[in-house]
Amino acid sequence: MNDSPINQAPEQFDLGDIRLRRPRPADAEAIFEYGSDPEVARFADWPVQASIEPILELIEERKARWECGNEFYWVITEGGSDRALGGVSCKLKGDGAEIGYLLNRNHWGKGYATKSAMAVVQWLKSNPTITRIWATCDTENLASIRVLEKLGLHRERILKNHAVRPAIGTEKRDAYLYEAEF
């Protein structure tokens with residue numbers, strides 16, 4: 001049963017120099033490229049990807065989550081290219097949504113993470129059933145902190161021992177909780 005307040009999400013967002021669209025199996029190679037990069041995976045709550053098969057499975061899982069209305073995930077593509085260079089997601093929980101994003105290291109510093117996540121935040125805010133938007137990030141992830149602040153989210157508190165970052169180690173690490181104001 002779907003307890004999500006959102007029944008439909010945009011299939012894509014056209015944002016000028018970048019576009020967000022639903023992922024497809026043909027994206028697996030590009031996703032593997034950045035998912036297997038230790039620098040991209042450093043602060044992630046998943047391990048560095050060692051093969052393409054789990055990515056193909058994840059694409060199918062995300063399709064099912066989309067159809068259920070529990071999670072929406074878009075790949076980020078650039079300009080005239082349709083190649084995935086990152087992703088942005090929102091997981092719905094009751095009347096709220098958690099956002100997340102990642103980007104191929106070759107595209108860091110271009111503002112793509114901010115622009116992509118901003119489109120999703122604005123879409124979520126336009127839905128009257130959403131009353132809370134949040135994100136978490138490792139306390140040492142300075143780039144993600146900057147993105148969250150550019151999105152207008154505010155640091156609410158530190159979440160002690162929040163998550164394991166497999167690319168760093170096996171111990172749970174602290175994270176910041178950021179929330180949007182309505």
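When the criteria are applied in full, GLY152 meets the requirement of being in contact with a helix residue (DSSP H, G or I) (Cβ under 8 Å, 6 or more places away or on another chain), on the phi > 0 side of the Ramachandran plot and modelled with pLDDT of 95 or more. Among the residues of the range 26-37, those identified as surrounded by fewer than 20 Cβ atoms within 10 Å (Cβ to Cβ) and either touching a helix residue (DSSP H, G or I) at 6+ places or on another chain (Cβ under 6 Å) or of a type in the set (Lys, Arg) (or both) are PHE32, ASP37. Residue pairs whose Cβ atoms lie under 6 Å apart, sitting 6 or more positions apart in sequence or on different chains, and linking a residue in the range 125-147 that is under 14 Å from ALA180 (Cα atoms) to a partner that is of a type in the set (Ser, Thr, Tyr) and buried (at least 19 other Cβ atoms within 10 Å of the Cβ), are ALA135/TYR178.
Of the residues VAL40, VAL75, the single one that is surrounded by 19 or more Cβ atoms within 10 Å (Cβ to Cβ), touching a Lys or Arg at 6+ places or on another chain (Cβ under 7 Å) and under 20 Å from ILE168 (Cβ atoms) is VAL40.
Residue by residue, here is whether (1) touching a Leu at 6+ places or on another chain (Cβ under 6 Å); (2) not polar (S, T, N, Q) holds:
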| site | (1), (2) |
| --- | --- |
| ARG42 | no, yes |
| GLU53 | no, yes |
| GLU60 | no, yes |
| TRP74 | yes, yes |
| SER81 | no, no |
| GLY86 | yes, yes |
| SER89 | no, no |
| ASP95 | no, yes |
| GLU98 | no, yes |
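So which residues in the range 78-92 are without any contact (Cβ under 8 Å) to a residue 60 or more places away in the chain, surrounded by fewer than 18 Cβ atoms within 10 Å (Cβ to Cβ) and outside any loop (DSSP other than H, G, I, E, B)? Once the filter is applied, which keeps residues that are without any contact (Cβ under 8 Å) to a residue 60 or more places away in the chain, surrounded by fewer than 18 Cβ atoms within 10 Å (Cβ to Cβ) and outside any loop (DSSP other than H, G, I, E, B), the range 78-92 yields only LYS91.
When the range 129-182 is filtered for residues that are among the charged types (D, E, K, R) and buried (at least 16 other Cβ atoms within 10 Å of the Cβ), the ones remaining, listed by number, are ASP138, ARG165, ARG173, GLU179.
In the range 1-20, the count of residues that are of a type in the set (A, V, I, L, M) and closer than 19 Å to ARG132 by Cα is one or more. If I filter the range 54-76 for residues that are without any contact (Cβ under 8 Å) to a residue 40 or more places away in the chain, in a loop (DSSP other than H, G, I, E, B) and not polar (S, T, N, Q), do I get at least one hit? Checked the range 54-76: no residue is without any contact (Cβ under 8 Å) to a residue 40 or more places away in the chain, in a loop (DSSP other than H, G, I, E, B) and not polar (S, T, N, Q).
The set of residues in the range 13-30 being over 15 Å from TYR112 (Cβ atoms) and either under 16 Å from the mean Cα position of the chain (by Cα) or in contact (Cβ under 8 Å) with a residue 24 or more places away in the chain (or both) consists of ARG22, PRO23, ARG24, PRO25, ASP27, ALA28.
The values are calculated or read from the model by the stated rules, or taken from the named source; none is laboratory data. All values reported here derive from a predicted model rather than from experimental measurement. Here Cβ is always computed from backbone atoms with ideal geometry, including for glycine, and neighbour counts include all displayed protein chains.
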